[in-house]
Structure formats: structure tokens, C-alpha cells
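Take a look at the structure below.
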There are 2 protein chains.
Amino acid sequence: MTTTSVRMLTIATEQFAEKGYAGTSMRDIASAAGTTQAAIYHHFPNKQALYEAALDQRFAATIPAILSGLAEITNPEQRLRELVQRVMVMADEDAQFRQLYLRELLEGNPASLATLADNIYGAMQDSIASLAKDLNNRADIHLLLFSIIGLICHHLEARELAMLLPGNVPDNRELATLSEHISQLLLSGIKGL
Amino acid sequence: MTTTSVRMLTIATEQFAEKGYAGTSMRDIASAAGTTQAAIYHHFPNKQALYEAALDQRFAATIPAILSGLAEITNPEQRLRELVQRVMVMADEDAQFRQLYLRELLEGNPASLATLADNIYGAMQDSIASLAKDLNNRADIHLLLFSIIGLICHHLEARELAMLLPGNVPDNRELATLSEHISQLLLSGIKGL
DNA sequence: GTCTATAGGACGATAGAC
DNA sequence: GTCTATCGTCCTATAGAC
């Protein structure tokens, strides 16, 4: 992995997250990376391969960072709050990550979905399993995983829409408010499963 | 609204939902509708206008249907279950609706988001407000709305990904299982807000 | 390893006949 | 109201010089 191809990957990630696969051209990526479109083909065989490499690089780096040190929080309720908080901060600051993930769910092909599954599952499996077990051992860890990620991503992604709903208070788009709402809903909700 | 333009809208909705705005060409729509690309411009000024009309038509029709008769269920817990059930069945059978919504959140411009806000808010406001009030009057109705929709859409959209996670049981992709998980999580969760 | 140039085709949109 | 034809521009991908 040369420094050039890493730079290309980084730029490609930005563009794909922002405009989607179909909405991003090789020219877009090349010009944002300060090179020509043809040069990319020296490093990646085609657009699809570049996309999958971008996806893989991005997910492999971020998910372990979120979970680092989490297991040391012994109180399970506090551990869930911390997990939600971390995922929220990451998914808020790093819109790339969130958007790549959501786009993958919408239009990912089996090959790139498998990349996603490896990265998510390999890293998060243990954390969620331990949470589910400590909070309520009847809960299914996969259903719980998707509930957590779904709540977080959707609340963050819907902020622009929320702004347009009459009666919506600005406070509802604050990270702290969203995080508190989601944590509370999950904490009480999981116990009742 | 002529029958021709309605047919064009219907086809356009399918294509946009499936492949996204950038991924759908006017030629795609025209050939699926059995006409030529130029003919569309007689009915709609440009691609963007066609997209917004498709969005509006689709949402204006579906959301009132989901809520019809819901208010007559007096038990609020049962009313929530029924709402979740109906949204799930619709969002499952009508992947178009779900995908259009999720794509809008990702890449909607302010104009088309406003269309969405009108359609969602105008129709669902009262139902959610009444649920929030009856179940727990401290709950914010907008936060609750996005939690419900977020859980449902994400679980449905993630089924293909779930299939790839080791240890996932096929039962977890059944509508009834998902519906039960989400209803339970929400019912207990809302009480704890 | 990056460039220019270009092939070959798809794109959105328009013009004008019928 | 729909067609054919076309403009100008974009696209992915390749060829070949340096």
C-alpha cells in the first residue's frame, strides 16, 4: 500500500460517502486528489475495486477504536451509555462513516456487504454479547446490535429533516439530547425484552 | 395530472427507489415506461422536478393509509403494537417507500426534504402525539417518531447484512420476530423515558 | 507512476417534424 | 403528445509516451 494509493483511497472515501457510488466519478476523485483520472487505474483495477478498498479501510480502522477499553467498564448500564455515546460522537463527527454504512445497506452488493459484515461483526460481537448478557440474557445480540446502530444512525441522519418539522425544538438536534434519549430508551427497553 | 404522466411517475418512483437519483437516467425511466426519453420533458420540466413529484405522490398516498382507523384502538400499548406492525408490513412489502425515505435522508436537498417533512409530519403528528401522551407524557414526540421509524427501517434494511453475520438465526429476519423485538423494546423503553 | 489523448458510450436537455 | 435526431457534456476505461 503506497502513500499515493492511500491518499487516493482517503479522497475516494470522502467522495463516495458524500455522493454515493453512482454519483461519484473517477474524475471527481482524481481532481480532488490532485491527479488525473487515468492515474487511479495504476493503483486500482476499476471503480468497484476502489470503492470496496475504501470501504474496507474505513471500517477496519474505526470500529476497533470505538470499542477500545470499553470492556473495562464493569457496570453494564454505564457500559451501554458509554458505547452509545462513543458511537454517536463518532457517527456525528465522522459523517463519512455513517453515510458509507447507510449507503451500503441500501445498495451494497453481496461482496461489499460481506466486507461490512466482517468488519462490524468481528469487532462488535463480543461487546454486544457481553452487554446483552449483563443487561438481559434473553436479548438476541444481533437484534440488539441493529437496534442500537439503527437508532443512532437514524437520529443523526434525520436531523436535517427534524429541523423542518413544525414544533421541533433545536435542542432535539443536540448530540447530548439524542444520546440521552437513545440511552434511556435502550436501557429501559432492553430490560423489558 | 394525465394518465400518461401518472404512469411516468409510477415508473420513475420504482427506478429512483431502486437505483437512487444519480443512478437513474431519464432513458432508464423512459424505456421502462415504454416511451422515449424526450417525451418525459413534455410532462415534467426536468429530472429534479420528476423526482420531487414521484416523492410527493408516493408519500402522500401511503402514510394516511397506515394511520387509518388507528385512533380507534383505545389501549395505547396495543395501538403502538399495531402502528409498528403496520409500518413494518408496509415498509417490508413496499421497499420503494422505505428506500426512497432512506435515500432522501442521505442525499435530499432542502426542497425535497421539505416535501418529506410535510407528508410525514402532517399525517403522523397526531398519532404519535397521542401515543406519547398515553404511554408516557414526558416523551418528546419528534424523538419518539424518529426512534420508531429508525428502528423499523434499519432492521428491515439490514436483513441482507444480518444474513452474513455468523451465528445469526434465520428467524431474526422474519417480519414477526422483528416486529415483536421492536414493539417490546419501544414499549418498555418509552415507559422509562 | 503519472501524464495526455482518446475510444466508445451514456448522460440531460433541446429542436422541430408530425 | 410523442417521435427522431442531435448538441454538448459527462462517464469508465485503455493506449502509449515519458
- prompt: Within straight cross-link reach of B:K19, meaning Cα distance under 27 Å, which lysines are found once same-chain residues fewer than 8 apart are removed?
  reply: A:K19, A:K47, B:K47
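Semi-axes of the stretch B:136-181's equivalent ellipsoid from the Cα gyration tensor, sqrt of 5 times each eigenvalue, largest first, rounded to whole Å? Please report the intermediate quantities before stating the final value.
Numbers: eigenvalues 141, 23, 12 Å².
Over the Cα atoms of the stretch B:136-181, the semi-axes work out to 27, 11, 8 Å.
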Neighbour-count order for A:S68, B:S112, fewest beta carbons within 10 angstrom listed first: A:S68, B:S112
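Would you calculate a helix-derived [θ] at 222 nm for chain B, using -39,500 (n - 2.57) for each DSSP H run of n ≥ 4 and dividing by the full residue count, to the nearest 500? The partial results should precede the final answer.
On the way: 10 runs with 151 residues, N = 193.
Helix-only estimate at 222 nm: -25500 deg cm²/dmol.
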message: Please arrange B:R27, A:R138 by how many other C-beta atoms lie within 10 Å of their C-beta, fewest to most.
response: A:R138, B:R27
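Taking the number of other C-beta atoms within 10 Å as the exposure measure, put A:Y21, B:Y41 in order starting with the fewest.
On the way: A:Y21 19, B:Y41 14.
Arranged by neighbour count, lowest to highest, A:Y21, B:Y41 become B:Y41, A:Y21.
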message: Defining the label point at 7 Å along Cα→Cβ, can you sort the distances from B:A111 to the same site in each other copy, shortest first, in nm?
response: 3.7
message: For B:K133, give me every one of the lysines with a C-alpha distance below 26 angstrom, ignoring sequence neighbours fewer than eight places off in its own chain.
response: A:K191, B:K191
query: When only Cα pairs under 8 Å and 6 or more residues apart are kept, what is the percent relative contact order across the stretch A:1-157?
result: 24
- line: If labels are modelled 7 Å from Cα along the Cβ direction, A:P170 lies from its partners in the other copies at nm distances, smallest first, of 5.4
field: Mean-position separation - Cα centroids, the stretch A:1-66 and the stretch B:1-31, in angstrom
entry: 30
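Just the Kirkwood number for the stretch A:54-139, please: inverse of mean 1/r across all distinct Cα pairs, in Å, one decimal. Can you show the working numbers first?
On the way: mean 1/r = 0.0725 Å⁻¹.
That comes to 13.8 Å for the stretch A:54-139.
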- prompt: So which residue of B has the beta-carbon closest to the axis that swings B onto A, and how many whole Å away?
  reply: B:G189, 2
- request: Place the label 7 angstrom along Cα→C-beta at A:Q57 and in each other copy, then list the distances from the first to the rest in nm, shortest first.
  value: 4.2
query: Using the Cβ atoms and a cut-off under 10 Å, what net charge is assigned to the surroundings of A:N75, where Lys and Arg are +1 and Asp and Glu are -1?
result: -1
message: Only four residue types carry charge here, +1 at the Cβ of Lys and Arg and -1 at the Cβ of Asp and Glu. Report the dipole size of the stretch B:17-110 about the Cα centre in Debye, rounded to the nearest 20.
response: 180
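Need one number: the % of Cα-Cα pairs in chain A sitting beyond the 31 Å mark.
Numbers: 4897 of 18528 pairs.
I get 26 percent for the Cα pairs in chain A exceeding 31 Å.
No value in this document is a laboratory result; all are computed from the given coordinates. Worth saying up front: this structure is predicted, and the values here are computed from it rather than measured. Cβ sites come from the backbone with ideal geometry, for glycine too, and all protein chains shown count toward neighbours.
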